Amino acid sequence: MVRIGVVGDYDQANSTHRATDAALEHAAAALGIDTESSWIATDSVVSEEDVSAGGFDGLLIAPGSPYRSMDGALRTIEFARTNDVPLLGTCGGFQHVVLEFARNVLGISDANHAEYDPYASKLFITPLSCSLAGLEMEVRIRPGTRARHAYGRRAATERYYCNFGLNPEYEKTLLAAGLVVSGEDQDGEARIVELPEKSWFVATLFVPQMNSTPAEAHPLISALVAEAARF
């Protein structure tokens, strides 16, 4: 049994949350892997032990920010990164993956997110020039990346629910420290990031769960479940 922890503040009325449960089921069925997923509220993660105690083989950082606890989300991401637990972050998960990397790899302890503190001095996550909420757009996937291997193609059309993204002013700094932008929009703005030295550590600004169906599981969700099965 492969256990997936879904970190986020579950809301039955949130279509991306319902789609997350369904997408994990689609991936498990397509791969022929028995899985069990459990939601973990961000404000319940007060220490690394709150994540490790679950014995999860993989972690998914769900949409739905601002989370009730930014720190809870960041602790979970740090745990996955430092223990090489397969992780996929989507939408708000992407934003918090960037923030955790800035704080704990770059050592910028006051790196922040404009949705939580719009007046912070070091905003790594800022409002997008145009909201992407409700839009479907093409993502161009770079060759030689984990994302490209999972998709098996150079581009995909994906659905967005967000108003915030990576501040381009900090992109070079993040890249120099090892974060890889593996997917971009038509204007070259980051839409997928990953850490290639990890077993599976990928984050998307879009919500791949929304494009998963019983007949065609989304390749990024399937990749997470497959890597978790090997963890």
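Using helices alone, I'd like the mean residue ellipticity at 222 nm for the chain: each DSSP H run of four-plus residues gives -39500 (n - 2.57), total over residue count, nearest 500. Show your work: numbers first, answer last.
Working: 7 runs with 72 residues, N = 231.
The per-residue figure over the chain is -9000 deg cm²/dmol.
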(request) Find how many whole Å separate the alpha carbon centroid of the range 155-208 from the alpha carbon centroid of the range 57-134. (result) 12
(message) Could you check the spin-label model distance between residue 120 and residue 135? Points 7 Å from the Cα along Cα→Cβ, value in nm.
(response) 2.4
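Any chance you could run the full-extension gain for residue 46 through residue 21? It's 0.36 nm times the residue separation minus the Cα-Cα distance, nm to one decimal.
6.6 nm
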(request) Note down the nm distance, to one decimal, between modelled labels 7 Å out along Cα→Cβ at residue 68 and at residue 163. (result) 2.2
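Contour minus end-to-end for residue 53 and residue 38, with contour as 0.36 nm per residue of separation and end-to-end as the Cα-Cα distance? The partial results should precede the final answer.
Details: separation 15, 0.36 × 15 = 5.40 nm, distance 1.27 nm.
Going from the current span to full extension adds 4.1 nm.
Mind checking the dipole of the range 2-230: about its Cα centre, +1 per Lys or Arg Cβ, -1 per Asp or Glu Cβ, Debye to the nearest 20? If you can, show how the numbers build up before the last one.
Values: 18 positive and 31 negative charges, 123 e Å.
The dipole magnitude comes to about 600 debye.
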(message) I want the antiparallel fraction of DSSP beta bridges within the range 2-230, as a percent rounded to 5.
(response) 45
(message) Name the residue from 173, 44, 20 whose Cα lies farthest towards the positive end of the charge dipole of the chain, charges +1 on Cβ of Lys and Arg and -1 on Cβ of Asp and Glu.
(response) 173
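Since every read-out is calculated from the coordinates, none of them should be taken as a lab result. None of the values given here were measured: they were computed from a predicted structure. So basically every Cβ, Gly included, is an ideal-geometry build from the backbone, and we count neighbours across all protein chains shown.
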